[in-house]
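These notes are about the structure you will find just below.
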Amino acid sequence: MSIIENIQTIEKQISNKGVTLVAVSKTKPVAMLMEAYQAGFKRFGENYVQELTGKYNEMPKDIEWHFIGHLQSNKVKYIAPFVSLIHSVDSFKLLQEINKQAAKNNRIINCLLQIYIAEEDTKSGMTEEECLQILNPDTLKNLTHINIVGLMGMTTLTEDETQIRKEFRKLKTFHDSIVSTYPFLTTLSMGMSGDYEIAIEEGSTMIRVGSKIFGHRVYPT
């Protein structure tokens with residue numbers, strides 16, 4: 001199937017479920033993204049700052065760019081002028097830097113707080129306690145150029161569906177426990193190509209799908 005047929009298949013699956021699709025385009029050439037764009041799809045997720053800025057410069061300016069990879073504070077300035085949503089805010093220090101760079105660009109940048117839910121060391125994220133400290137109104141009152149819109153989580157890299165489901169459920173349970181206090185947390189970003197169907201069953205409202213759309217990754221040499 002073509003890229004756009006893959007997107008249409010997934011969008012059909014998620015229609016009426018209140019789920020938003022982000023097409024993860026890391027390592028994919030601009031021509032592949034343009035194939036989706038020309039068919040009307042404009043929401044792409046990237047993992048690497050340099051690659052994202054390169055694609056932003058080459059492509060039409062009405063694209064909704066999501067940054068989904070691990071973000072270093074010293075690289076925020078490169079994406080602050082245009083990024084739509086940063087999924088991977090894993091520390092208060094990073095949030096402060098996003099706020100600083102957003103202010104310089106006269107923007108308010110939407111952010112998701114990445115919660116550590118995996119049972120492996122390679123995944124990043126903050127604890128539930130750290131998340132609650134950040135959400136404290138006294139903490140947020142000076143961060144006038146960021147807009148926290150939800151939570152994100154990445155599961156352990158495993159074939160064990162029971163484990164994956166348990167980790168997604170952990171994030172959903174935490175979200176449910178705080179959303180009445182923080183009703184602006186409308187987005188729950190969880191699920192990728194291999195597990196997005198489980199993620200949706202467990203309450204995801206945003207999925208990040210790459211290989212199911214573009215085929216398997218092409219790593220630069």
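Any read-out appearing in this document is the output of simple, stated calculations on the displayed coordinates, not a laboratory observation. Note that the coordinates shown come from a computational prediction; the quantities given were computed from them, not determined experimentally. A quick note on method: Cβ atoms are made from the backbone with ideal geometry, for glycine too, and the neighbour counts reach across all protein chains shown.
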Using 1/(1 + (r/R0)^6) with R0 = 25 angstrom and r between the beta carbons of N105 and S73, what's the FRET efficiency to the nearest 0.05? 0.95
Computed over the chain, the relative contact order (Cα-Cα under 8 Å, seq sep at least six) in percent reads 20
Residue by residue through segment 66-83, which ³J(HN,Hα) values in whole Hz follow from phi under the Karplus form 6.51 cos²θ - 1.76 cosθ + 1.60 (θ = phi - 60°), with glycine and proline marked x? 10, 9, 10, x, 5, 10, 8, 4, 6, 10, 4, 4, 6, 9, 4, x, 9, 4
Calculated FRET efficiency for the pair A39/T139, C-beta based, R₀ 30 Å, to 0.05: 0.10
Using 18 Å as the Cα-Cα cut-off, could you pick out the over-long pairs in K26/K170; K28/K212; K26/K212; K61/K93; K42/K77? K26/K170; K61/K93; K42/K77
Amide H contacts under 5 Å for M126, restricted to residues at least 5 apart in sequence or on another chain and with H modeled in the peptide plane, are Q114, I115, Y116
Distant-in-sequence amide H partners of I86 (H built 1.01 Å from N, under 5 Å): F67, N110, C111, L112
Gyration tensor over alpha-carbon atoms, segment 78-177, equivalent ellipsoid semi-axes in Å: 27, 15, 10
Among residues other than N142 whose Cβ falls under 15 Å from its Cβ, what is the net charge (Lys/Arg +1, Asp/Glu -1)? +1
Report the dimensions of segment 109-154 along its three principal axes from the alpha-carbon atoms, largest first, rounded to Å. 34, 20, 13
For segment 5-87: rounded, prolate or oblate by the Cα gyration tensor [a/c cutoff 1.5]: prolate
How would you classify segment 126-178 from its alpha-carbon gyration tensor, with a ≥ b ≥ c the square roots of the eigenvalues: rounded for a/c under 1.5, else prolate if a/b is greater than b/c, otherwise oblate? prolate
Assigning unit charges at the beta carbon (Lys, Arg +1; Asp, Glu -1) and nothing else, what dipole magnitude in debye, to the nearest 20, does segment 3-214 show about its Cα centre? 840
Unit charges on C-beta of K, R, D, E only; dipole of segment 113-210, Debye: 420
Hey, can you grab everything whose amide H is under 5 Å from the amide H of D195? Only 5+ residues off in sequence or another chain; H modelled, so Pro and N-termini drop out. none
Hey, if you drop one equal point scatterer on each alpha-carbon of the chain and run the Debye formula without solvent, what base-10 log of I(q)/I(0) do you get at q = 0.08, 0.17 Å⁻¹? -0.27, -1.29
